[in-house]
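A quick write-up on the structure given underneath.
The values are calculated or read from the model by the stated rules, or taken from the named source; none is laboratory data. All figures in this text were calculated on a predicted structure; none of them were measured in a lab. Don't worry about glycine lacking a Cβ; one is built from the backbone with ideal geometry, like all the others, and counts go over all protein chains shown. Just the protein is used for accessible areas: all its heavy atoms, side chains included, with ligands, DNA and RNA removed. Shrake-Rupley method; radii C 1.70, N 1.55, O 1.52, S 1.80 Å.
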Amino acid sequence: DEHGDHMTDRPTDRPTDRPTDRWTLHRGESLRFLRELPDASVDALITDPPYSSGGMTRGDRMGSTDSKYTGTEHRGARPDFAGDNRDQRAFLTWCTLWLSESMRVLRPGSPVVLFTDWRQLPTMTDALQAGGFVWRGIAVWDKTGAARKQMDGFCAQSEYMVWGSAGPMARDGRVGCLPGVFQHRVDGADKHHQTGKPSKLMREVVRICVKGGTILDPFAGSGTTGVAAVLEGRSFIGCEIVPEIADTAEARLRAAVGTLTPEAAPLFG
């Protein structure tokens with residue numbers, strides 16, 4: 001659900017963990033992880049990849065994620081995540097790689113939702129289509145008036161969800177019509193990652209996946225998308241490379257499942 005690099009070769013890979021029949025969290029780099037998944041095996045891709053957009057210059061992008069995305073009063077509270085320093089061409093190429101592999105993994109007609117900000121919105125719409133998906137629109141996350149203010153300009157109040165599908169959609173009414181604007185303020189007590197999304201927001205977004213389906217997130221971060229999927233009656237399979245962040249995701253997923261009666265079949269048999 002949040003930013004985190006999964007393309008860098010680091011000695012953090014562990015065997016895929018399958019602790020429950022509701023979720024799977026892999027610790028390692030995402031492209032390798034995606035290549036190991038079966039064809040046409042998941043029902044939705046919902047992810048919040050690193051934006052590589054902090055600052056206005058290449059020099060700004062090379063800064064730590066803590067310096068780019070955390071207010072001064074909260075610096076050092078959460079671990080940095082990697083992969084947030086690509087330039088525009090590298091970002092587009094990288095996104096195309098993992099989106100192309102995700103296309104293979106998704107069942108035909110499955111929805112895809114990609115979080116992005118205003119700087120990378122044009123590039124992300126290109127990447128979605130370069131990966132083979134049908135681009136179907138943009139939904140808005142309105143952070144409300146609590147968002148960061150800037151003088152003599154518009155408030156940086158919105159982030160975006162570029163969405164599409166793996167080919168034609170069934171349009172059978174099983175999902176219904178979701179809103180195009182989601183209003184949720186950032187809650188510090190609910191934020192487990194430097195760029196984490198609100199749990200209430202993600203519980204609404206995951207409903208784009210059919211009930212009982214499996215949601216894929218190659219950039220699981222602190223697990224907010226996974227927790228939302230489990231609580232909303234979906235299964236989840238995710239990947240996270242930063243050990244400390246993966247620990248947080250696993251703890252949250254275990255806690256979420258602990259509130260439910262297991263009812264889904266084991267993922268991929």
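Scanning the stretch 167-190 for residues that are open to solvent by less than 50 Å² (accessible area, probe 1.4 Å) and either under 21 Å from TRP118 (Cα atoms) or at pLDDT below 95 (or both) yields GLY180, PHE182, HIS184, ASP190. Picking from residues in the stretch 107-166 that are assigned to a loop (DSSP other than H, G, I, E, B) and of a type in the set (Lys, Arg), the one that is most open to solvent (accessible area, probe 1.4 Å) is ARG148.
Are any of the residues in the stretch 55-69 over 26 Å from GLY226 (Cβ atoms) and modelled with pLDDT of 95 or more?
Let us first name the residues in the stretch 55-69 that are over 26 Å from GLY226 (Cβ atoms), namely 55-63, 67.
Retained after the next criterion (residues that are modelled with pLDDT of 95 or more): none.
Checked the stretch 55-69: no residue is over 26 Å from GLY226 (Cβ atoms) and modelled with pLDDT of 95 or more.
Listed by position, the helices (runs of 4 or more DSSP H) enclosed by the stretch 191-269 that each have at least 3 residues that are acidic (Asp, Glu), at negative phi and modelled with pLDDT under 95 are 243-258. Among the residues of the stretch 107-147, those identified as in contact (Cβ under 8 Å) with a residue 60 or more places away in the chain and either under 26 Å from ASN85 (Cβ atoms) or touching a His at 6+ places or on another chain (Cβ under 7 Å) (or both) are VAL112, VAL113, LEU114, PHE115, THR116, ASP117, ARG119, GLN120, TRP141. With the condition kept exactly as written, say whether any residue in the stretch 210-224 is open to solvent by 30 Å² or more (accessible area, probe 1.4 Å) and either under 13 Å from the mean Cα position of the chain (by Cα) or of a type outside the set (Gly, Ala, Ser) (or both). Looking through the stretch 210-224, at least one residue is open to solvent by 30 Å² or more (accessible area, probe 1.4 Å) and either under 13 Å from the mean Cα position of the chain (by Cα) or of a type outside the set (Gly, Ala, Ser) (or both). Against the numbered list (1) of a type outside the set (Phe, Trp, Tyr); (2) outside any loop (DSSP other than H, G, I, E, B); (3) at positive phi, GLY173 comes up short only at (2).
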